[in-house]
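Step one of this worksheet: look at the structure below.
The values are calculated or read from the model by the stated rules, or taken from the named source; none is laboratory data. Predicted model, so just to flag it, every value in this text is computed and none were measured. Note: ideal-geometry Cβ built from the backbone for every residue, glycine included; neighbour counts use all protein chains shown.
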Amino acid sequence: MRDFWIIVQQTFMSKVKTKPFIITSIVMILAVFVMANLSKIVDTFSNMGGDTANELVVVMADDTLYQTLVEQVKDKDIEIKRSEKSNEALIKEVKDEKIEAFATITVDENDMIAVTYQTNKMMDDNAVVLEEALNVIQTAKQTEKLSLTPAEVQTLFTPIAFDEKNISTSVKSDEELGQASVLVYILTFLIYMTVIMYSGMIMTDVANEKSSRVMEILISSVSPVKHMFAKVFGMGLLGMMQMSVLGIAAYIAFTTNKSVGTIGELFKFDNVSPMTLVYCVIFFILGYFLYAMLAALLGSIISRTEDASQMMMPMTILIVIAFIITMSGLGNPELAYIKWASYFPFFTPLVMFLRVGLLDLPVWEPLLAIAIMVVTIGLLGWIGARVYRGGVLMYGPSRSLKDIKKAIQLGKE
Amino acid sequence: MTLEIKSVTKRFGDFTAVDNLNITIGEGKMYGLLGANGAGKTTTFRMILGLLTPNEGAIGWHGKTISYATSSQIGYLPEERGLYPKMKVEDQLIFLGKLRGMNVADAKQQITYWLDRFDIPQYRKKKVEELSKGNQQKIQVIASLLHKPKLLILDEPFSGLDPVNVEMLKSAILDFRNDGATILFSSHRMDHVEELCEELSIMTHGQQIVQGSLRDVKRGFGKQNVRIKSDFDLTELGQVPGVSHMTKSVEGAVFQIEQEAVANELLTRALHYGPIRHFEIEEPSLHDIFVAKVGKEHA
């Protein structure tokens with residue numbers, strides 16, 4: 001057991017001290033703080049842009065309409081500028097990027113307003129503002145013609161009272177669902193990222209030890225099986241530490257920041273059942289071990305770091321499929337294929353977590369999935385240990401899955 | 001403590017890597033294992049270390065099989081050098097020392113001793129990849145000696161070292177032998193084996209074709225060398241019956257003979273041509289034996 005911990009410690013320490021690890025951690029923490037302060041940052045930047053007046057060029061004949069329009073948008077961040085130039089001249093100005101857009105406004109004999117808005121932008125906020133303002137003006141004019149009182153106008157525009165309630169037994173309350181889906185979204189992404197990152201690290205680490213031939217010395221003092229489990233465990237500790245640091249950073253970022261605004265609302269999880277968080281931790285750990293075992297197994301049969309990316313492929317494909325299924329199920333987690341996928345061990349950590357998070361499942365469902373995962377991890381550890389024993393002694397251009405058989409053969413000897 | 005390898009055979013599928021190998025090495029003895037590449041030396045070492053299990057026969061250390069429980073008594077220097085390139089020399093040696101059952105304080109003390117002895121104390125805090133090949137090799141050797149092993153397995157310990165460092169390393173290994181360690185080492189350099197080993201084996205294609213003490217091996221070879229230095233052309237002497245091989249050199253020639261009587265014949269004939277400057281009957285070198293034995297196998 002002593003040598004197990006020596007390897008765990010070595011795996012952990014040698015990674016913690018490396019520049020890439022420190023830099024990734026710092027970048028992740030920074031990203032969390034940027035997210036927490038996003039609304040502030042956005043405000044700062046839009047204020048900076050506010051120095052140049054937001055002008056909208058309009059071409060219109062009607063003077064009173066122009067006055068009303070200017071009056072209508074005076075609180076808005078937009079300045080109406082009337083132009084007498086011809087349509088062609090203005091088009092040229094748009095093309096030359098002298099102005100961003102212009103609107104040609106006409107009024108017909110029935111006081112109906114028509115606008116041709118010509119712009120070079122994909123999405124023009126000014127168009128929306130203009131349309132709204134003109135709508136108000138036209139409604140006012142038309143209701144005046146029909147001699148309706150403002151109160152009557154009000155009733156005309158009041159929408160019906162529409163209250164949607166979900167009474168399905170497996171769906172959670174709206175508040176909880178909203179918050180849970182944000183949580184599921186974030187955590188799915190986190191699990192996805194860490195699994196890819198850490199199993200990649202295990203694989204390159206094992207390949208590195210083989211290519212630098214340290215492996216021969218290591219396995220002459222520690223059994224390969226012990227070495228493999230220590231590697232997986234040490235890297236797991238590293239992952240958990242990084243995630244904890246990130247979690248603490250996120251907690252500080254969101255609690256110290258008073259003006260979190262809309263994003264802060266998104267990150268309120270007080271309606272999420274604590275079980276969801278428990279499942280999150282369980283699936284995170286199990287997901288890690290499942291993929292880490294696979295990574296160590298595959299890492300042991302390659303002998304050069306260059307081959308690692310090739311071996312990563314099948315693993316990456318598995319986790320990407322799981323990710324896509326989860327994302328597609330975020331809107332409707334009750335679909336049949338999501339249910340079935342949630343029991344496939346390589347998809348479980350993401351897909352079952354989605355279901356547990358968004359639906360009120362009977363307890364046996366997640367427990368069954370967890371049991372399947374645990375059995376798979378055990379099986380993978382058992383096979384992995386066999387492959388690893390032989391794989392670490394195998395050198396040469398081995399990068400196909402056929403070599404697994406060869407490795408098991410050598411491991412027996 | 002004795003290392004015993006008794007009729008060990010190792011097969012990988014149809015391929016026999018080691019065939020009926022017998023080696024016994026006593027305490028305080030040094031044993032040389034010679035062989036061309038692919039002769040089965042590394043497989044033999046891996047079997048001794050317990051990384052591979054022999055198909056037949058048994059390997060015993062001190063009467064027991066070697067397992068991870070005994071790993072703190074074993075020092076192993078693999079042929080393919082292996083160190084973490086990015087790790088500092090000291091951290092690396094502490095890590096490997098700990099794996100062999102040392103505590104950190106002992107490891108540090110031993111590291112200081114060995115770095116000083118090998119004349120490289122300035123590299124203690126350097127990364128391994130920053131060191132020259134020869135110095136990396138020294139670190140590797142330190143890693144195998146650090147925990148004062150009782151059984152030393154050295155695969156090509158001298159390769160890549162200059163003569164000064166070879167001497168340094170030899171004296172270190174000899175110290176271990178004098179302290180009673182059992183040492184098994186392989187080499188391509190016959191002169192090193194000749195100098196250090198009381199007993200040796202030559203392997204080729206998994207077969208142990210020569211085995212025994214250095215003296216017996218040389219006697220058993222049955223051939224001797226006659227070295228004659230002369231200013232005259234000695235080519236014709238190659239035709240003398242009993243000369244199995246002749247190598248010409250700048251100063252004269254070396255004749256391989258099968259019986260001592262032939263030496264006299266050669267001397268008489270050489271003197272016919274004129275005065276000679278040097279005449280010597282030499283024991284066959286290990287090199288000659290190796291080339292004759294392994295060369296024959298290859299042919």
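I'd like to check something: does the range B:6-29 contain any residue that is basic (Lys, Arg), within 26 Å of residue B:289 (Cβ to Cβ) and within 14 Å of another protein chain (Cβ to nearest Cβ)?
Yes, that holds for at least one residue.
Residues checked against (1) modelled with pLDDT of 85 or more; (2) closer than 18 Å to residue B:49 by Cβ; (3) of a type in the set (Gly, Ala, Ser); (4) in the same structural domain as residue A:25 (by TED's automatic domain parsing):
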{"residue": "A:195", "(1), (2), (3), (4)": "no, no, no, yes"}
{"residue": "A:203", "(1), (2), (3), (4)": "yes, no, no, yes"}
{"residue": "A:212", "(1), (2), (3), (4)": "no, no, yes, yes"}
{"residue": "A:231", "(1), (2), (3), (4)": "yes, no, no, yes"}
{"residue": "A:240", "(1), (2), (3), (4)": "yes, no, no, yes"}
{"residue": "A:245", "(1), (2), (3), (4)": "yes, no, no, yes"}
{"residue": "A:249", "(1), (2), (3), (4)": "yes, no, yes, yes"}
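For the range A:187-208, check the following and say yes or no: at least one residue is small (Gly, Ala, Ser), without any contact (Cβ under 8 Å) to a residue 12 or more places away in the chain and either under 30 Å from residue A:313 (Cα atoms) or surrounded by fewer than 20 Cβ atoms within 10 Å (Cβ to Cβ) (or both). No, because not a single residue in the range A:187-208 is small (Gly, Ala, Ser), without any contact (Cβ under 8 Å) to a residue 12 or more places away in the chain and either under 30 Å from residue A:313 (Cα atoms) or surrounded by fewer than 20 Cβ atoms within 10 Å (Cβ to Cβ) (or both). Within the range B:13-46, count every residue that is farther than 26 Å from residue B:176 by Cα and surrounded by fewer than 15 Cβ atoms within 10 Å (Cβ to Cβ). Residues meeting the conditions: 6. A single member of B:99, B:77, B:145, B:83 is within 25 Å of residue B:43 (Cβ to Cβ), buried (at least 21 other Cβ atoms within 10 Å of the Cβ) and more than 12 Å from chain A (Cβ to nearest Cβ), and it is B:145.
Checked against the criterion of being within 19 Å of residue B:84 (Cα to Cα) and either touching a helix residue (DSSP H, G or I) at 6+ places or on another chain (Cβ under 8 Å) or away from every other protein chain (no Cβ under 14 Å) (or both), the candidates A:222, A:182 yield just one match: A:222.
Confirm whether residue B:92 is among the polar types (S, T, N, Q), more than 7 Å from every other protein chain (Cβ to nearest Cβ) and buried (at least 21 other Cβ atoms within 10 Å of the Cβ). Here the answer is yes, as residue B:92 does meet what is asked.
Applying the set (1) within 14 Å of another protein chain (Cβ to nearest Cβ); (2) within 24 Å of residue B:182 (Cα to Cα) to residue B:128 leaves exactly one unmet item: (2). Of all the listed residues (A:89, A:114, A:103), the sole one being modelled with pLDDT of 85 or more, assigned to a helix (DSSP H, G or I) and not β-branched (Val, Ile, Thr) is A:89.
Scanning the range A:334-348 for residues that are touching a Ser or Thr at 6+ places or on another chain (Cβ under 9 Å), surrounded by 14 or more Cβ atoms within 10 Å (Cβ to Cβ) and not hydroxyl-bearing (Ser, Thr, Tyr) yields A:338, A:341, A:345, A:346, A:347.
Results for (1) surrounded by fewer than 15 Cβ atoms within 10 Å (Cβ to Cβ); (2) modelled with pLDDT of 80 or more, shown as yes or no for each residue.
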| position | (1), (2) |
| --- | --- |
| B:191 | yes, yes |
| B:194 | no, yes |
| B:198 | no, yes |
| B:207 | no, yes |
| B:210 | no, yes |
| B:213 | yes, yes |
| B:216 | yes, yes |
| B:223 | no, no |
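Selection of the range A:67-80 for residues being in a helix (DSSP H, G or I) and either touching a residue at least 60 places away in the same chain (Cβ under 8 Å) or in contact with a strand residue (DSSP E or B) (Cβ under 6 Å, 6 or more places away or on another chain) (or both) yields A:68, A:69, A:70, A:72.
Within the range A:195-215, the set of residues being of a type in the set (Val, Ile, Thr), within 14 Å of another protein chain (Cβ to nearest Cβ) and farther than 18 Å from residue A:310 by Cβ comprises A:214 only. Suppose the filter is away from chain A (no Cβ under 14 Å) and surrounded by 15 or more Cβ atoms within 10 Å (Cβ to Cβ); does residue B:49 pass it? Judged against the criteria, residue B:49 is not a match.
Within the range A:319-348, the set of residues being touching a residue at least 24 places away in the same chain (Cβ under 8 Å), in a helix (DSSP H, G or I) and touching a helix residue (DSSP H, G or I) at 6+ places or on another chain (Cβ under 7 Å) comprises A:319, A:322, A:323, A:325, A:326, A:329, A:348. Scanning the range B:71-94 for residues that are free of Cβ contacts under 8 Å to residues at least 60 places away in the same chain and closer than 27 Å to residue B:3 by Cα gives B:71, B:80, B:81, B:82, B:93. Taken together, B:129, B:156, B:167, B:194 contain a single residue that is under 27 Å from residue B:27 (Cβ atoms) and out of contact with any strand residue (DSSP E or B) (no Cβ under 9 Å at 6 or more places or on another chain), which is B:167. Pairing each residue of the range A:86-110 that is surrounded by 10 or more Cβ atoms within 10 Å (Cβ to Cβ) with any residue that is aromatic (Phe, Trp, Tyr), provided the two are 6+ apart or on different chains, yields C-beta distances under 6 Å for A:90/A:102; A:103/A:117. If you go through the range A:349-369 and pick out every residue that is surrounded by fewer than 19 Cβ atoms within 10 Å (Cβ to Cβ), aliphatic (A, V, I, L, M) and in a helix (DSSP H, G or I), you end up with 2. Residue A:244 satisfies every condition listed in (1) away from every other protein chain (no Cβ under 14 Å); (2) within 16 Å of residue A:8 (Cα to Cα) except (2). Within the range A:262-276, is even one residue at pLDDT 85 or above and in contact with a helix residue (DSSP H, G or I) (Cβ under 6 Å, 6 or more places away or on another chain)? Scanning the range A:262-276, I find no residue that is at pLDDT 85 or above and in contact with a helix residue (DSSP H, G or I) (Cβ under 6 Å, 6 or more places away or on another chain), so the answer is no.
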